[in-house]
Amino acid sequence: MISMKEVWKKYPNGVMAVNGIDIEIEKGEFVYVVGPSGAGKSTFIKLMYREEKPTRGDILIGGKNLAKIKERQIPLIRRNMGVIFQDFKLLPSLSVYENVAFAMEVIEESKANIRRRVMNVLEIVGLKNKARFYPHEISGGEQQRVSIARAIVNNPSVLIADEPTGNLDPDTSWEIMNILEDINNRGTTIVMATHNKEIVNTIRKRVIAIEGGRIVRDEAKGDYGYEK
Amino acid sequence: MKSRTLVRHVKEGGKNLIRNGWMTFASISAVTVMLLVVGAFLLLIMNVNHFATSLEEDVEVRVFIDLIATEENQDELYSQIESIEGVDSIQFVPKDEGLDSLIASLGEQGDIFETLRDENPLNDVFVVQAENPAETEILANEIVDLPYVDTVEYGRDIFEQLFAATDFVRNVGLALILGLMFTAMFLIANTIKLTIIARKREIQIMKLVGATNGFIRWPFFVEGLLLGVLGAIIPIVILSYSYRSFYGSMGEQTGLDFFTFLTPNPILMQMTGLLLAIGAFVGVWGSMMSVRKFLKI
Ligand SMILES: Nc1ncnc2c1ncn2[C@@H]1O[C@H](COP(=O)(O)OP(=O)(O)OP(=O)(O)O)[C@@H](O)[C@H]1O
Ligand SMILES: [Mg+2]
């Protein structure tokens, strides 16, 4: 599903953020990416949806090599994956419904399809009754649920999340995790960078630890492994 | 692109226009001022062109044929002139016809010349037109050396000065129009850029959910187009109205009988089309320039 081979990333300012990562992630897996601040987790995640281009190495997702594709093909790659952010990245001028629908408008779906599918995913994340609300009118946890709905609305095969619970209180974080587990159980591959020790140690999944841009640990049903 | 997507883009573009209130107003004003000047110059240039063309049609070399020339000599001269490079047409005016038009041009007084009909003192004439009116003089100098040519006549200095003057007006006008277009383009690009900085995050999010650059650009294209077209309306109305009343008060008279002003139709239609096209071009170009660098995510 996802495979990285000898991937390096050097930022234009000279920082070596990823230093030779090799990894295979199978379809349907749930993977935590952990590690100290500045270890390169976000960079690793950004390489997967091609916000950053690798300096060296190959990144194969669904048969396409992200290191080699043309600029024009990037949108097409992204349509096959959902991305969730710590700061939600919702469009403030659009309602909950419109924010989710937007990801389908982009791929020119019909109005009828959009309506059916958007209401469907809003139900999955438990926000059907807030479809007309605007982002500033709902809580942080609800905003994150909207962004999850947007990420899965096009049935992506991979869901990538960078600290999706980073801005949320513990209760809300568990709600979000339940939703993500649910989505994973439906067959979607999930890669999630996190600092949340409790979650990693409770909902046991594969754990990849990154330090200094290298994978230092890779365990099935691993634990968080850091103090905080 | 599917039609519902196009509808979406047009709606978005219109919405952005309204949402950006003052910026929209500033951009439209820039286009309006630019097109007012451009339009005024267009009308001037079109009239000058018309002037120059009617002038050019009048430019001809009259070749007076030697009285002793026989018909064969004349034929020979004809083919010699014909073979000169740059000759557009040659028309033969026999001396009888020349007398006719002389008599006609003198009116009643001309009647006394009727008596000359039998011993017509006038020459047969070839009227030669140059392909390029500006080269009339060169042509005349070549013809005057041919055998059986008595004299040649053509409008000399006055024409040259007029050609120089019309060329000058044309070139200055064009330079001014181009300069103004670029100024307006940069003004629009800058105002739209200000509004885009506010929308930078929005564009970034669009790209992250898989929007193509084209998808993001379209509403900006519509926005630029609308800015340009809206900016063209006031200049079109003002200039059309002014030209009509100017023409109405002047009539075709310019004081120079060989020059008339162009009638409001069709040049006001042409001007309207051109101003709309220039406005649209400037608006779209400015808008596209400003969105370009925000697409690299
Ligand atoms: N756009 C960038 N340009 C230059 N350097 C960057 C950029 N993004 C990250 N870095 C650097 O790359 C290294 C890894 O950063 P990254 O954001 O991947 O870490 P992280 O593991 O996500 O950290 P955190 O847990 O704090 O989010 C850091 O040294 C950081 O300063
Ligand atoms: Mg990070």
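The trypsin sites (Lys or Arg not before Pro) of the range B:141-208 that DSSP puts in a loop, and whose beta carbon has at most 11 other beta carbons within 10 Å, are B:R156. For the range B:60-154, the convex hull spanned by the alpha carbon atoms encloses 90 Å³ per residue. Taking a straight line from the alpha carbon of A:K130, these aspartates and glutamates sit under 13 Å away, with near neighbours fewer than eight places off in the same chain left out: A:E98, A:E142.
Counting heavy atoms of the protein chains alone, A:M119 has an accessible area of about 50 Å² for a 1.4 Å probe. Taking a Cβ cut-off of under 11 Å around A:V96, the surrounding Lys, Arg, Asp and Glu residues balance to a net charge of +2, with basic ones at +1 and acidic ones at -1. Accessible surface for B:S105 stands near 90 Å², nearest 10, in the context of the full protein assembly shown (1.4 Å probe). About the Cα centre of the range B:1-115, how large is the charge dipole given +1 on each Lys and Arg Cβ and -1 on each Asp and Glu Cβ? Please answer in debye to the nearest 20. For this selection, approximately 2860 debye.
Nearest 100 Å² is fine: how much accessible area is buried between B and A, summed over both sides, with a 1.4 Å probe?
So the buried area, both faces added, is about 1900 Å².
Neighbours of A:K5 by Cβ distance under 11 Å: Lys/Arg scored +1, Asp/Glu scored -1, total -3. Per-residue SASA remark: B:E202, around 40 Å² accessible (1.4 Å probe; ligands, DNA and RNA not included). Over chain A, accessible surface divided per residue gives 44 Å², non-protein components excluded, 1.4 Å probe. Using alpha carbons only, the radius of gyration of the protein assembly as shown set against its Kirkwood radius gives Rg/Rh = 1.31.
In the full protein context, the range B:60-154 carries 61 Å² of accessible surface per residue, based on a 1.4 Å probe and ignoring ligands, DNA and RNA.
One Cα centroid belongs to the range A:6-27, the other to the range B:35-110; the line between them spans 82 Å. Pairs exceeding 22 Å between alpha-carbon atoms, taken from A:K53/B:K2; A:K68/B:K296; B:K193/B:K296; A:K46/A:K128: A:K53/B:K2; A:K46/A:K128. Which angle between 0 and 90 degrees, to the nearest 10, do you get for helix B:157-208 versus the longest principal axis of chain B when only C-alpha atoms count? Relative to chain B, helix B:157-208 is tipped by roughly 10 degrees.
Tell me the net charge near B:E119. Cut-off is 15 Å between Cβ atoms, B:E119 excluded, with +1 for each Lys or Arg and -1 for each Asp or Glu.
Combined, the nearby Lys, Arg, Asp and Glu give -2.
The values are calculated or read from the model by the stated rules, or taken from the named source; none is laboratory data. As the structure is a prediction and not an experimental result, all values here were calculated from the model. Note: ideal-geometry Cβ built from the backbone for every residue, glycine included; neighbour counts use all protein chains shown. Note: accessible area is taken over every heavy atom of the protein model, side chains too, but ligands, DNA and RNA are not part of it. Shrake-Rupley method; radii C 1.70, N 1.55, O 1.52, S 1.80 Å.
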